[in-house]
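Taking it in order: structure first as structure tokens, then the write-up.
The values are calculated or read from the model by the stated rules, or taken from the named source; none is laboratory data. Values in this document were obtained by computation on a predicted structure and should not be read as measured data. Heads up, the Cβs are rebuilt from the backbone with ideal geometry, glycines too, and the neighbour counts pull from every protein chain shown. Ligands, DNA and RNA are stripped out before the accessible areas are found, and what is left, the full protein with its side chains, is counted by its heavy atoms. Shrake-Rupley method; radii C 1.70, N 1.55, O 1.52, S 1.80 Å.
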Amino acid sequence: MIVLVNPNFVVQRSDPLTTGIVYMPIGLAYVAAALRSAGIPVTVIDAFGVQPRRARREGKFLMLGLTYLEVVELIPAEASAVFIYAINLTNHLSTLGIVRAVKRARPDLPVVILENTQAVSAYALRFVGGEFYQSGADYVLTGEAEERGVRLAQILMNGRRDSLRGLDGLGSPHFYNAPQSTIRELDDLPFPAWDLFPLANYWDLRFAHGPQGRSRYMPLLTSRGCPYPCEFCVVPATNNQKWRARSAQNVVDEIESLVQTHQVREFHIEDLDPTISDQRIRDICAELVRRSLDVTWKIAAGTKVETIRGEETIDIMAKAGCRYISISPETGSARLLRLMRKPFDLKHAVRLVRRMNQVGIRSQACFVLGYPGETEEDRALTWDLVRDLTKEGVDEIALFIITPVPGAAIYEQMEGYRSLSELNFSPTWRDDYQRLSRFRLKLYTRFLFWKLRYHPLKLLRQPINFLRRRFETKMEMIPYKAMVLKWRDLGSRN
């Protein structure tokens, strides 16, 4: 039997607004489905999902979920190996804690760390493997884990560890094999094994990565990878600037299946770049309309706005149930965009935000502050762009202070942190954090003023959505999340 573990949810106690994002572990659910499809017995321990309201303090962090000892106690005696999912960077502290606890209790049980290749909040494990090995992990598995995970599980269950050196993507204290391939036909993968996860506990939180508007929601991965080389992002290292997609038929088959099995009507698309193919998005929309599924869907993790070809595509998306799109201008400075190697068409973005506003799609624009080489003039240009987008109808902004993610091109350009869990979007260890934090607060405040000036009814709608817990934007949901987490912190123990 293979045991899959999702680690605890970790929040920086000083900033529950910006740190700590709840992700349903869709990558782990795919691995569970692949193992089960291959006839390998599998069980899941969701250290956060089983007890999402239980909190404890670990120094400057708040940990939600099971204790490490409770995780160990849930591992069946017949387990052949434990696969721990490195779901995102901020949860690194929990991942290490679970590794240590498992190895103390069962030193002969192989422990494998699985890389999350499909999130900008994750990290490339080959750059930090030493920390896992020092904590007791036997292996790290990089690259997509469905097919590799099956092969690794078969080897470990059969006791043929001498053949592990030939497994691509696998690392150990003694060797590392870089991933040599990706899954070509994503349609051939079984749908995620959500029946093994405590979904009701996630739903009851009423906060997620995307704005949760209904009592139930599910994440989707309709494509994988991203072709762009942005230097602050880990994705070029984990996906080699390649993009692959599932067919429209396959995506809508999954949506229809989740409607039938879990009575879900809201879907959060967690792709890195779901709209790379404008025609595929149109095909998905056409299939949703043809089947009359009556669902809403939100592009929660963002997309490259230039890949949405024009207003007609926005209209089609709205008709098919799209209610939220996140885009990432990153900065208003053309000079800084060139340093980032981030292409962005400002005029196109403004035009599409205007159209989203007209057809009822809520929009988010994400920006980063403190990129190496950024100047006051660059931040002034970001200020101006936020004002222009707000005037055209953007519903919310997100301002992240840049942090060096292991695997990103800028990873080794910054230092001062003590734990990888400190590499979040409020990096208090930075020498310039206070200055950047003040700018961020001023710009958030000015954004609300501009929104009140240009779109007063939208701003007045936000407190109503907050009180009803039917969130249309993350800016409505995040204060609720922060309030809940602060309450958990006050009631927690060290």
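Of all residues in the stretch 1-20, those satisfying the criterion of being surrounded by fewer than 21 Cβ atoms within 10 Å (Cβ to Cβ) and hydrophobic (A, V, I, L, M, F, W, C) are M1, L17.
Quick grid of which residues meet (1) within 25 Å of S492 (Cα to Cα); (2) in contact with a Phe, Trp or Tyr (Cβ under 6 Å, 6 or more places away or on another chain); (3) not in a helix (DSSP H, G or I):
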{"site": "V5", "(1), (2), (3)": "yes, no, yes"}
{"site": "D15", "(1), (2), (3)": "yes, no, yes"}
{"site": "L28", "(1), (2), (3)": "no, yes, no"}
{"site": "G39", "(1), (2), (3)": "no, no, yes"}
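On the given criteria, is F127 closer than 13 Å to V11 by Cα and open to solvent by 10 Å² or more (accessible area, probe 1.4 Å)? It is false that F127 is closer than 13 Å to V11 by Cα and open to solvent by 10 Å² or more (accessible area, probe 1.4 Å).
L485 meets each of the listed conditions (1) in a helix (DSSP H, G or I); (2) over 19 Å from G65 (Cα atoms) apart from (2).
Taking the criterion of being crowded, with 16+ Cβ neighbours inside 10 Å, among the β-branched types (V, I, T) and part of a loop (DSSP other than H, G, I, E, B), the residues of the stretch 373-415 that qualify are V394, I402, T403, V405, I410. A Cβ distance below 7 Å, combined with a sequence gap of six or more or placement on separate chains, defines the contacts here; from the stretch 308-319, residues that are free of Cβ contacts under 8 Å to residues at least 40 places away in the same chain reach residues that are not hydrophobic (A, V, I, L, M, F, W, C) in the pairs R309/D278; T313/D278; T313/R282; I316/R282. Exactly one residue out of Q212, Q180 is under 19 Å from A29 (Cβ atoms), assigned to a loop (DSSP other than H, G, I, E, B) and not β-branched (V, I, T), and it is Q212. Checked against (1) free of Cβ contacts under 8 Å to residues at least 24 places away in the same chain; (2) in contact with a Leu (Cβ under 9 Å, 6 or more places away or on another chain), Q279 passes all but a single condition, namely (2). Just one of (1) touching a residue at least 40 places away in the same chain (Cβ under 8 Å); (2) buried (at least 16 other Cβ atoms within 10 Å of the Cβ); (3) of a type outside the set (S, T, N, Q) fails for C285. It is (1). Of the residues making up the stretch 314-371, just one is touching a Lys or Arg at 6+ places or on another chain (Cβ under 7 Å), assigned to a helix (DSSP H, G or I) and surrounded by 21 or more Cβ atoms within 10 Å (Cβ to Cβ), namely I314. Candidates in the stretch 264-282 are the residues that are over 22 Å from K242 (Cβ atoms) and outside any loop (DSSP other than H, G, I, E, B); of these, the one that is most open to solvent (accessible area, probe 1.4 Å) is R282. Restricted to the stretch 127-150, and to residues there that are of a type in the set (D, E, K, R) and within 27 Å of L189 (Cβ to Cβ), the residue that is nearest to the chain's Cα centre (by Cα) is E144. Out of the stretch 41-65, which residues are among the polar types (S, T, N, Q) and part of a loop (DSSP other than H, G, I, E, B)? Listed by number, the list holds a single entry, Q51.
Candidates in the stretch 66-90 are the residues that are part of a helix (DSSP H, G or I) and open to solvent by 10 Å² or more (accessible area, probe 1.4 Å); of these, the one that is modelled with the lowest pLDDT is T90. Of the residues in the stretch 241-259, not one is crowded, with 20+ Cβ neighbours inside 10 Å, acidic (D, E), in contact (Cβ under 8 Å) with a residue 40 or more places away in the chain and in contact with a strand residue (DSSP E or B) (Cβ under 9 Å, 6 or more places away or on another chain). When restricted to residues that are on the phi > 0 side of the Ramachandran plot and within 25 Å of the chain's Cα centre (by Cα), the stretch 157-188 contains 1.
From the list V405, V394, the lone residue that is among the hydrophobic types (A, V, I, L, M, F, W, C) and in contact with a Leu (Cβ under 8 Å, 6 or more places away or on another chain) is V405.
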